[in-house]
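The values are calculated or read from the model by the stated rules, or taken from the named source; none is laboratory data. Please read all numbers here as calculations on a predicted model, not as lab measurements. Methodologically, a virtual Cβ is constructed for each residue, glycine included, from the backbone with ideal geometry; neighbour enumeration extends over all protein chains shown.
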């Protein structure tokens, strides 16, 4: 799955590089937006089928029947999705810096944290909605209609934090990182409360 | 009179309250010192906001109720409340943009409060759309309940935006009391009451229609079973 | 208050009044319709229960018991 996501993001990088003339547009001002928009779309493409690909062989029934907590299945899916996302981000973020000639000011830790928390936020929502919509007739529509508005806070906080981190001199991203942390925590806690009802539908 | 009573007279109780609210909004209250007459937009704005918040809260409570008890009555409550809440959120956004044009000079700014409210509108619109796309009643009710609980997260965030972040949206209800003179509080609370009454009556009417729809569905199934049996 | 502002205020009043009138009319019509629907359903139910089923053994519809590919959309 991470191969498809990485390939998708690389394609997006190329397309943006051609769509935005690097000589005329001040790329630094839109760079964080392009970065997170690509990650969001890649996450959507990768995760929309997290549960759906269990359907053809009906393996979900097997998973539900297996001894153990249903929560474990959800958390396992979340963890694997997060790892895919993290690998994809690690591979493609340098590409963004190279192709958009974004100056790098050496804030490794802060940028790494933002990437991890933002990736977690994207993946949490996508996995939760994928679980909700798995058995529905119009699963893809349900998934997209709800995913985009719910991801907006993640997009706002990550883009603002990245802007602060990459600006010269370095700004203060902590307000946005705290907000992102809170949002991540909410959507980690909500499935724990709702997991009993997530799939019986 | 008996005929009127039989025809669900209680719906007429809304009319006088509406008239009183309109009177106090436009005649029985002074102009604001800085905002002038444009403050009169806010009475309906605050009323709609209150009703929208209450409506979505009822949706969330009814969704929890459905997940625990699994009776379709809870689902009807949740659906009717979300529908009416969405209408009031629309009124909230429209009156807010008009007021913003006068007070801030722009129809729309991406302020935290405005953004959160718009997200709320989109999520609950999606919730209602999704309800239309499912035909199995029990499954639809369960999925809708889960989605409503996910969507409800935005309501407390929206309420707290103007208190947590530096927003250009004014704060009226604070810890120190209500940030408004008494002469403006009267029309505000009357509008709030009128809107709430409209909400209650609307809920009653809408839920009655939904029950009738359920009755039609039952009848259809019964007839189908009979035809297939013959 | 300038004349223009006064004119806008009149528009606002008209808009709010129209809003209340539309809401009331909508609710009233919805109430009437649902009452009519209730009556119709009641009538049809009585009619349906009035005539006994002609073939009692086979009235239960056949329900597939195996959950497979075709049942996901049900």
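Please verify whether residue A:124 is assigned to a helix (DSSP H, G or I) and either within 12 Å of the chain's Cα centre (by Cα) or away from every other protein chain (no Cβ under 14 Å) (or both), treating the condition exactly as stated. Spell out the reasoning first.
Details: assigned to a helix (DSSP H, G or I): yes; either within 12 Å of the chain's Cα centre (by Cα) or away from every other protein chain (no Cβ under 14 Å) (or both): yes.
Judged against the criteria, residue A:124 is a match.
Within the stretch B:156-165, identify whether any single residue is surrounded by 21 or more Cβ atoms within 10 Å (Cβ to Cβ), assigned to a helix (DSSP H, G or I) and either modelled with pLDDT of 90 or more or on the phi < 0 side of the Ramachandran plot (or both), and answer yes or no. Checked against the condition, which is being surrounded by 21 or more Cβ atoms within 10 Å (Cβ to Cβ), assigned to a helix (DSSP H, G or I) and either modelled with pLDDT of 90 or more or on the phi < 0 side of the Ramachandran plot (or both), the stretch B:156-165 yields at least one hit. Might you let me know whether the stretch B:112-120 holds any residue that is within 30 Å of residue C:9 (Cβ to Cβ), at pLDDT below 90, more than 8 Å from every other protein chain (Cβ to nearest Cβ) and not in a helix (DSSP H, G or I)? Looking through the stretch B:112-120, none of the residues is within 30 Å of residue C:9 (Cβ to Cβ), at pLDDT below 90, more than 8 Å from every other protein chain (Cβ to nearest Cβ) and not in a helix (DSSP H, G or I). Per the conditions (1) within 11 Å of another protein chain (Cβ to nearest Cβ); (2) surrounded by fewer than 22 Cβ atoms within 10 Å (Cβ to Cβ); (3) modelled with pLDDT of 85 or more; (4) within 28 Å of residue C:24 (Cβ to Cβ), the sole criterion not satisfied by residue B:132 is (3).
Answer yes if at least one residue in the stretch B:85-98 is part of a loop (DSSP other than H, G, I, E, B) and under 30 Å from residue B:38 (Cα atoms), and no otherwise. Spell out the reasoning first.
Within the stretch B:85-98, the first condition is being part of a loop (DSSP other than H, G, I, E, B), and the residues that meet it are none.
No, that holds for no residue.
Among residues of the stretch B:68-77 being within 14 Å of chain A (Cβ to nearest Cβ) and buried (at least 17 other Cβ atoms within 10 Å of the Cβ), the one that is nearest to residue B:210 (Cα to Cα) is B:75. Please go through the stretch B:190-218 and pick out each residue that is facing another protein chain (nearest Cβ under 10 Å) and farther than 21 Å from residue B:80 by Cβ. B:191 - this is the single residue of the stretch B:190-218 that is facing another protein chain (nearest Cβ under 10 Å) and farther than 21 Å from residue B:80 by Cβ.
How many residues are surrounded by fewer than 19 Cβ atoms within 10 Å (Cβ to Cβ) and without any contact (Cβ under 8 Å) to a residue 24 or more places away in the chain when one looks only at the stretch A:128-150? Please lay out each step first, then the result.
Here is the first cut: in the stretch A:128-150, the ones surrounded by fewer than 19 Cβ atoms within 10 Å (Cβ to Cβ) are A:137-138, A:140-141, A:144, A:148.
After this cut, where a residue has to be without any contact (Cβ under 8 Å) to a residue 24 or more places away in the chain as well, the list is A:137-138, A:141, A:148.
So the count comes out to 4.
For residue B:124, the conditions (1) farther than 23 Å from residue A:138 by Cβ; (2) within 14 Å of chain A (Cβ to nearest Cβ); (3) buried (at least 17 other Cβ atoms within 10 Å of the Cβ) all hold with the exception of (1).
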